[in-house]
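Take a look at the structure below.
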Amino acid sequence: MISAQYALPVVVLALLALVPTVLHTYIGMTCDDGRQAEAVATDLADMTAMPTNRRPEWGKALFDSDDWTERTYAARGRRPITLLVVRSYDAKRLYHHPEIGAARGTSFSSKEIIRVAELPEMPVHVLRGPGEAETDLALYALHYGNRFIGNPYLFQLQRSGDLLVSGRKPMTLFFVHTTISRLEAVDGGAPARLLTAAVRTFLNQSPGVNTTNRTTNELGGCFW
C-alpha cells in the first residue's frame, strides 16, 4: 500500500516517465529537416561519380536507413574514392565503428581526429591501414541538427535529456574510403577535398519539411 500523501508525487513521476515512452515507443516521433543524401552533387572536387552496386536493402540492414547514397568518384590520373552519405534516426548505427559496414573487409590500425583547412569547424575522423608504402585511408564526419559531432558518445549524453521530450532528428554520416601513399598528407589531399565538398553541397540544401512517404500527422517538421 502507498500512503495517500505520496499518491500525487507518484502519479506525477509516472506521467513524466510516460512522456518519452509514448513519444518514442508508441508514437515514434521524428523531426525531418528536409535534407536528403541523394542531393549531394555527382561532380565534386574535380571528380565525377558513378553509383556503386549496393542494393537498397544494404543501407537499411546496416544503418537502419532509407536515405543514403554511395558513389565512386574518379578523375584521370587519380585513385578512385568511394563516398558514402547516409542518414539515420538510429545515431549509434552511424557513429559506432561505421567502417565495419562502410569499408567491410578493410583493416585499419590507427585512428585520430583532425581539422582540415577547408572546413575547420568539422572534426574529421581519420582511419589508416597498416600498409607501409600504400595504405587504406578512411575519413568520416558526423552531422546532427546544425552542428558537427566530434565525440559522439559525449554528444549522446548531452542530448539524452532533450531526447526524452522531443522527436529524434537524423544524424548524417559522410564517409570516404580510398588508398594513398603513406607519405601523402591528409589535409589538402583529394579524399579530404571530396569529403568537405560533399558536406558543403549537402548543407547547402534549403532546410524544410520533407514529406516524401509521410502519411501521418505533422507538426513543425516533426512526424508521428
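At a glance:
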| read-out | value |
| --- | --- |
| Some residue of region 127-137 being in a strand (DSSP E or B) and under 16 Å from Ala197 (Cα atoms) | no |
| Selection within region 114-126 - within 16 Å of the chain's Cα centre (by Cα) and either modelled with pLDDT under 95 or part of a strand (DSSP E or B) (or both) | Pro123, Val124, His125, Val126 |
| Single match in Arg87, Arg78 (criterion: modelled with pLDDT of 95 or more and either open to solvent by 30 Å² or more (accessible area, probe 1.4 Å) or in a strand (DSSP E or B) (or both)) | Arg87 |
| Region 70-81 residues that are of a type in the set (Gly, Ala, Ser), paired with ones that are in a loop (DSSP other than H, G, I, E, B) (beta carbon under 6 Å, 6 or more apart) | Ala74/Pro80; Ala75/Asp46 |
| Of residues in region 106-141 being of a type in the set (Ser, Thr, Tyr) and open to solvent by less than 10 Å² (accessible area, probe 1.4 Å), the one nearest to Leu173 (Cα to Cα) | Tyr140 |
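The values are calculated or read from the model by the stated rules, or taken from the named source; none is laboratory data. As the structure is a prediction and not an experimental result, all values here were calculated from the model. So basically every Cβ, Gly included, is an ideal-geometry build from the backbone, and we count neighbours across all protein chains shown. All accessible areas refer to the heavy atoms of the entire protein, side chains included, with ligands and DNA or RNA removed. Shrake-Rupley method; radii C 1.70, N 1.55, O 1.52, S 1.80 Å.
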